[in-house]
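Contents: one structure, followed by commentary.
The values are calculated or read from the model by the stated rules, or taken from the named source; none is laboratory data. All of these numbers come straight from a predicted model, not from anything done at the bench. When we count neighbours, we look across all protein chains shown, and the Cβ atoms used for this are built from the backbone with ideal geometry, even at glycine. Calculation scope for accessible area: heavy atoms of the full protein, side chains included, ligands and nucleic acids excluded. Shrake-Rupley method; radii C 1.70, N 1.55, O 1.52, S 1.80 Å.
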Amino acid sequence: MNLAKTDRLKRNYERAVALTQQLVQIPSVYRPEDPEGNEEKVANFTANYLRELGIDVYVEEVEPGRPNVIGVIDSGKPGKTLIFEGHTDVVTEGDRGSWKYDPFGAEIVDGRMYGRGTNDTKGNLACMITAAHSILEDKEAFTGKIILCIPVDEERMMIGIKHFIEQGWADDVDGAIICEPEENQICVAQRGALRIRITVNGKMAHGAISWSGINPNWRLAKIITALEALEKEEQETHGEHPYLKWPSITPTIVKAPVTGDAQINVIPEKAMTTLDIRTIPSQNHGVLIEKIKSIFKDLKEEDEDFDVQYEIIENRPATETDQGEPVVGAVHEAVKKTLNKEPEYNGVPGATDGTFLHIHGVPIVTIGAGDREVPHHINEYVDIKELGETTEIYRQAALNFLNEEGNSNGR
């Protein structure tokens, strides 16, 4: 390794670590009841950081106190456009007393940085910014442009990336690298997410005079049992995906009564459940919804008192990117060169902001630093060595893609 490369790697590693600490130390949990419980402070910090690097910056408010930040690095030469995407929001820290380290302290202990967002995904946000900084500072030659997409609200309804797309930023984009914790594995598939709220209507009555009411709990139990059978049917039909494992239908919240106080001798007026359905690319969400509606129809035919309503809360399809796509090849060669080994391919167990870029027609690859099972955990952490590796992967992948090198994964 030549001296210039050694110096660059050391410089970028130190910058990525320091920037991760700064980002983590600015809490950005969305708390609707708190006027300061949003991404505004970290977004403003990030926007100013990019401006100081000489990057053209656009700040677009999605909701009050919740701005997207977009950085644009234009080579001035015709060519492709590459998006790096990393969100600013983090999930709640939960009970601070359960943490060994301050959840917003970004303390480094034995080669690991601890804190909410170190892993998901402020560490990777720092890596993508540092990679762009390196390309600019070293005056690396490239064509086309790099867009740094830094949206809000990935952890909830993904309104940030939806707004980014609505404003036209993803139009005519040739590829996107989604910066999420994946142990620097190349993830070319994501499970879809279909969230449904089901409410069963009954008639409130005394538990001792059950015949005078209609118990929604019996009806809800039949729905859940039928959904379990549907899950097995879907698994038998579609099998196990090589990267995403099995499709699933998971009742999460079960509640009766839906509002008001529960009482042991009262039949509730309503009962409800929510479904967290995770799909693989071979499944069609429209077909799956029709199968669920068919369950309701069958139960209604058996029981004239069966009365159900449903609401689709979110509908995010599964994604899969062909490994022959140039953006996959560019990342493949970057990982191989940086880590000096053949890259490992995998899939993302949940949805990301990349889901909506994929729907918009942008080929996506998800890769980044951090243990993939650590997001949202107490004592969340990232190995700081990985931050340096990921920064170099992002830097090299951008140059590969925009200069049309490394666009074949060698398979």
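May I ask you to derive the relative contact order of the range 257-333, considering only C-alpha pairs under 8 Å and at least 6 residues apart, and to give it as an integer percent?
Once divided by the residue count of the range 257-333, the mean separation gives 27 percent.
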Subject >> Pair Gln22, Tyr58: separation of 7 Å Cα→Cβ label points (nm) >> reply: 2.4
Subject >> Distance from the range 322-388 to the range 159-178 (C-alpha centre basis), Å >> reply: 18
Original post:
Taking a probe of 1.4 Å, how large is the accessible area per residue of the range 238-328, in Å²?
Top reply: 56
Subject >> Three principal axis lengths of the range 278-341 [C-alpha, angstrom, descending] >> reply: 66, 18, 17
Original post:
How about Lys41: which aspartates and glutamates have a C-alpha closer than 16 Å to its C-alpha, ignoring those fewer than 8 places off in the same chain?
Top reply: Glu60, Glu61, Glu63, Asp89, Asp153
**OP:** Order these peptides, 100-112, 2-14, 158-170, by their mean beta-carbon neighbour count within 10 angstrom, highest first.
**Re:** 158-170, 100-112, 2-14
Original post:
For the range 276-347, which whole percent of the accessible surface, found with a 1.4 angstrom probe, sits on carbon and sulfur atoms?
Top reply: 42
Subject >> Ellipticity estimate at 222 nm from DSSP helix runs (n ≥ 4, -39,500 (n - 2.57)) divided over the chain, nearest 500 >> reply: -11000 deg cm²/dmol
**OP:** Please report the Cα spread of the range 74-212 along all three principal axes, rounded to whole Å, starting with the longest.
**Re:** 80, 43, 25
Subject >> Carbon and sulfur %, accessible surface of the range 87-163 computed with the full protein complex present, 1.4 Å >> reply: 47
Subject >> Where the Cα pairs of the range 19-63 fall when distances are cut into 5 Å bins, in % >> reply: 5, 20, 26, 23, 17, 7, 2, 0
Original post:
Roughly how many Å² of Asp307 are accessible to a 1.4 Å probe, to the nearest 10?
Top reply: 70
Subject >> Selected from Ile186, Ile312, Ile209 as most flexible by GNM, with the chain as the system and alpha-carbon contacts under 10 Å >> reply: Ile209
**OP:** Just list whichever of Lys139/Lys341; Lys341/Lys385; Lys100/Lys385; Lys5/Lys385 have alpha carbons separated by over 19 Å in the model shown.
**Re:** Lys139/Lys341; Lys100/Lys385
Subject >> Square roots of 5 times each gyration tensor eigenvalue, C-alpha, the chain, largest first, Å >> reply: 44, 24, 19
